[in-house]
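Notes follow once the structure below has been shown.
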Amino acid sequence: MSGDAVIPHLVLSTASHLLLAPVAHAANDVATSSVFSPVSAPADSVVRVATLVLIVTAGIFAVVASLLVYSVVRFRRRADDDGSEPPQVYGSDRIELAWTVIPIITVFVLCLVTARTVYDVQAAPRPADALEVTVVGHQWWWEIRYPGFATANEMHVPVSEGPAARPTFLALESADVAHSFWVPRLAGKTDLIPNRHNRMWIAPREPGLYLGQCAEFCGTQHAHMLLRVVVEPAAEYARWVAAQQAPAADDPDASAGRRVFETTACINCHTVRGTVATGRFGPDLTHLMSRATLAAGAAEMSRISLRAWIDDPDHVKPGALMPAMQLDDAATDQLVGYLMTLR
Ligand code: CUA
């Protein structure tokens, strides 16, 4: 390759990386994903245990470090040392008993507190009107099933506060390998294991966007398995549900693109309700444009990133299981145009 060809390629690939910048968990996002700012009951319990463990370990560190510093200073070599060995001491029942019993008690207390917290979270009674959502981990995205519709990677739940508190109970499953559901401000990690049905619940007190991600290594794109939880007031949540339940838009201006979609392999893996597409391997696209991100947070949702994704998924998210469809430019534009109408 000549130097002339390299430079435009570099410029182009840098530009496309900027355009497709991952939805990074940057510094300003820490506030939306810190374990230490819980907004939901199970996350409160996690913080209580974590704080206790930190206090206990800080105490142990203080004692051990002080003894170490004391010994270093007190028994350091001095100018008048005659070089002889100090008196040797062998065995001390009292010290040996202490360094055996104290750690055992410490570990025992931490075990009991942890077991009790896990039990309390798991045994929480489920109110009759609790929202039930099934979350299925896939390589590398989240399927989120509500009664009557499904979405992906962005979960909406009502705020759970006051007399009308409505917690969300999650059924956690996996379609392939082990994943782990973790939205630090809402609940502790819970694994999604093939052929197992795990459960967790959240009761967020404050509306907002809470970031999470897969917390169990599940393959090459484990790091791009991001999850967004939007907590909304009940009325807003009801509006979102109504919009999601509606069938897909059928914009006559996008009929050419719809034809492309319905006649390529897209329909084997994706569902768009009201069309021939009923695939379940990939995300439901019925209301694709209601989501802010693409490919589980690998890119922001936009015409440019959607086009780049369809053109070559592997470039946006190396290892992604979606194949490149090898469509020509005109067909790709029509297809993107159609997907952009799926609001
Ligand atoms: Cu899914 Cu890591």
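Couple of notes before you dig in:
- Highest-MSF residue in the chain out of Asp328, Asp314, Asp80 [GNM, Cα springs under 10 Å]: Asp80
- GNM flexibility winner over the chain from Arg259, Arg199, Arg307 (Cα, springs under 10 Å): Arg259
- For Glu216, the residues 5 or more places off, or on other chains, whose built amide H falls under 5 Å of its own are Ser180.
- Part-to-part distance (alpha-carbon centres) for region 306-343 and region 70-135, which is given in Å: 54
- Pairwise centroid distance, computed over Cα atoms, of region 253-296 with region 150-201, Å: 25
- For region 100-225, the fraction of alpha-carbon pairs in successive 10 Å shells from zero, as %: 12, 38, 31, 14, 4, 0
- With Cα atoms, 0 to 90° folded angle of helix 41-74 axis to the chain main axis: 40
- Calculated diffusion of region 145-205, Stokes-Einstein form, Kirkwood radius summed over Cα pairs, 20 °C and 1.002 mPa s, µm²/s: 168
- Glu132 paired with Val69, simple spin-label distance in nm, labels 7 Å along Cα-to-beta-carbon: 5.8
- Phi to ³J(HN,Hα) by Karplus 6.51 cos²θ - 1.76 cosθ + 1.60 over region 306-319, Hz, x for Gly, Pro: 5, 5, 4, 5, 5, 4, 7, x, 5, 6, 6, 9, x, x
- Classified by the C-alpha gyration tensor, region 105-147 has an oblate form. Its axis ratio a/c, with a ≥ b ≥ c, is 1.5 or above, and a/b does not exceed b/c.
- Note on the chain: with a GNM built from Cα contacts shorter than 10 Å, the maximum mean-square fluctuation among Phe75, Phe36, Phe61 falls on Phe75.
- Counting Lys and Arg as +1 and Asp and Glu as -1 over every other residue whose Cβ lies under 9 Å from the Cβ of Tyr210, the net charge comes to +2.
- Karplus-derived HN-Hα couplings along region 103-111 (A = 6.51, B = -1.76, C = 1.60, θ = phi - 60°), whole Hz, x at Gly and Pro: x, 4, 5, 4, 5, 4, 4, 5, 4
- Counted over all Cα-Cα pairs of region 248-343, pairs farther apart than 23 Å make up 13 percent.
- Listed values for region 247-252 are Karplus-derived 3J(HN,Hα) couplings in whole Hz (6.51 cos²θ - 1.76 cosθ + 1.60, θ = phi - 60°), namely x, 5, 4, 10, 7, x, and x replaces Gly and Pro.
- Accessible-area rank, largest first, for Val229, Val113: Val113, Val229, with all protein chains present and a 1.4 angstrom probe.
- Solvent-accessible area per residue for region 135-198 (1.4 angstrom probe, square angstrom): 34
- Taking all protein chains as they are arranged and a probe of 1.4 Å, the heavy atoms of His156 leave approximately 20 Å² accessible to solvent.
- Under a 5 Å amide H cut-off, with hydrogens placed 1.01 Å from N, Met155 pairs with Arg228, Val229, Val230 among residues at least 5 apart or on other chains.
- Sites Thr51 and Ala79, calculated FRET efficiency, Cβ-Cβ separation with R0 56 Å, nearest 0.05: 0.75
- Ratio of Rg to Rh for the chain: 1.15 [Cα atoms; Kirkwood radius as inverse mean 1/r over pairs].
- On Cα atoms only, tilt of 234-245 relative to the major axis of the chain in degrees: 50
The values are calculated or read from the model by the stated rules, or taken from the named source; none is laboratory data. Treat the numbers as computed from the prediction; the structure is a model and nothing was measured. Positions of Cβ are backbone-derived with ideal geometry, glycine not excepted, and every protein chain shown enters the neighbour counts. These area figures cover heavy atoms from the full protein model, side chains too; ligands, DNA and RNA do not enter into them. Shrake-Rupley method; radii C 1.70, N 1.55, O 1.52, S 1.80 Å.
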